[in-house]
Amino acid sequence: MLEIRHLKTLHALREADSLVDAADRLHLTQSALSHQFKELEERMGMPLFVRKTKPVRFTSAGLRLLQLADATLPLLRAAERDISRLAGGTAGRLHMAIECHSCFQWLMPTIDQFRDAWPEVELDLASGFSFAPLPALARGDLDLVVTSDPVDLAGITYVPLFTYEAMLAVANQHRLASKAYIVPEDLLPETLITYPVERDRLDIFTRFLEPADIEPAQVRTSELTVMMMQLVASGRGVCGMPHWALHEYSSRGYVKAKRLGEKGLFATLYAAIRADMLDAPYMRDFLLTAKDTSFSTLDGVSAVR
């Protein structure tokens with residue numbers, strides 16, 4: 001018999017594009033997920049996807065089940081929301097702040113979906129760069145903060161959203177463009193372009209340059225990602241940024257994205273929430289929507305292992 005979990009696993013495989021990442025998103029081991037697919041294929045009497053293909057290539061049977069998943073899973077989520085409303089907890093407040101300039105790319109679609117599903121919830125959004133959002137969260141002035149820098153505060157819980165890789169954007173003809181990866185010393189003669197925030201909020205300083213005691217020749221700031229990319233493409237500097245924000249430009253050949261360090265520089269983005277808000281139905285749904293949106297729209301992100 002076909003079950004909801006089977007549709008969810010197929011959907012996750014399509015979104016993740018690999019068994020390893022799909023297993024992470026579903027909080028399963030790879031062997032457990034493989035066994036689940038094998039069991040389903042035995043029930044169906046045919047394979048659902050071609051092994052060892054990237055991107056994953058689904059068979060006709062797999063595509064048909066994905067059509068069913070696309071039709072069924074949104075209805076399931078809607079029914080779960082309706083039941084939550086019947087149980088109470090429909091109205092409330094969700095005031096958010098973000099400590100991440102490039103997060104607007106996925107946060108806006110998340111908020112749009114959430115607003116449609118929870119019209120009774122009062123929504124507000126602020127940039128977390130003009131004030132200290134985590135203390136404001138602890139005081140009750142905010143209800144959620146998107147951050148990559150968790151701080152130990154009483155009553156605050158950090159829910160991991162996804163893991164991402166920070167990379168360096170350089171011009172196509174830059175001297176570093178041909179390197180396999182960047183080391184801190186490479187940035188000694190460079191102009192580093194950053195968002196206008198404190199250094200202790202920037203991974204490229206706290207986790208790459210400062211541990212090596214390296215200071216770039218010059219630092220300049222810009223508030224807009226598109227302006228930063230224009231400066232990089234024009235040879236006016238280099239820029240550290242999450243892979244998902246760079247992908248739009250590097251995939252079109254506008255700039256090159258280079259790995260920071262031989263093994264890469266990875267970080268996790270969190271939703272900071274007060275512990276007393278974790279069980280609110282609309283908060284749980286917002287977190288699910290945020291994860292679904294980021295996995296379906298952002299390149300280079302993965303589930304937290």
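Residues in the range 237-279 that are within 19 Å of the chain's Cα centre (by Cα) and β-branched (V, I, T) were compared, and the one that is farthest from T194 (Cα to Cα) is I273.
For the range 12-29, the set of residues classified as in a loop (DSSP other than H, G, I, E, B), surrounded by fewer than 19 Cβ atoms within 10 Å (Cβ to Cβ) and not small (G, A, S) consists of D17, H27, L28, T29, listed by residue number.
Only one of the numbered conditions (1) out of contact with any Leu (no Cβ under 6 Å at 6 or more places or on another chain); (2) assigned by TED's automatic domain parsing to the domain that holds L137 is not met by M96, and that is (1). Apart from one condition, D279 fits all of (1) surrounded by fewer than 19 Cβ atoms within 10 Å (Cβ to Cβ); (2) in contact (Cβ under 8 Å) with a residue 40 or more places away in the chain; (3) in the same structural domain as P135 (by TED's automatic domain parsing); the exception is (2). Restricting attention to the range 30-60, the residues being in a loop (DSSP other than H, G, I, E, B) and surrounded by 12 or more Cβ atoms within 10 Å (Cβ to Cβ) number 4. Of the strands (runs of 3 or more DSSP E) entirely within the range 236-279, those holding at least 1 residues that are of a type in the set (V, I, T) occupy 238-242, 265-274. Applying a threshold of 7 Å to beta carbon distances and a minimum spacing of six or more residues, or different chains, the list of pairs starting in the range 98-119 at a residue that is of a type in the set (V, I, T) and ending at one that is assigned to a loop (DSSP other than H, G, I, E, B) and buried (at least 16 other Cβ atoms within 10 Å of the Cβ) reads I98/G128.
Within the range 193-235, the set of residues being in contact (Cβ under 8 Å) with a residue 60 or more places away in the chain, outside any helix (DSSP H, G or I) and closer than 16 Å to F104 by Cβ comprises Y195, P196, V197, E223.
In summary, L63 fulfils each of the numbered conditions (1) of a type in the set (A, V, I, L, M); (2) farther than 30 Å from P133 by Cα; (3) in a helix (DSSP H, G or I); (4) modelled with pLDDT under 90 with the single exception of condition (4).
The values are calculated or read from the model by the stated rules, or taken from the named source; none is laboratory data. Just so you know, these numbers come straight off a predicted model, no measurement behind them. Neighbour counts run over all protein chains shown; Cβ positions are idealised from the backbone, glycine included.
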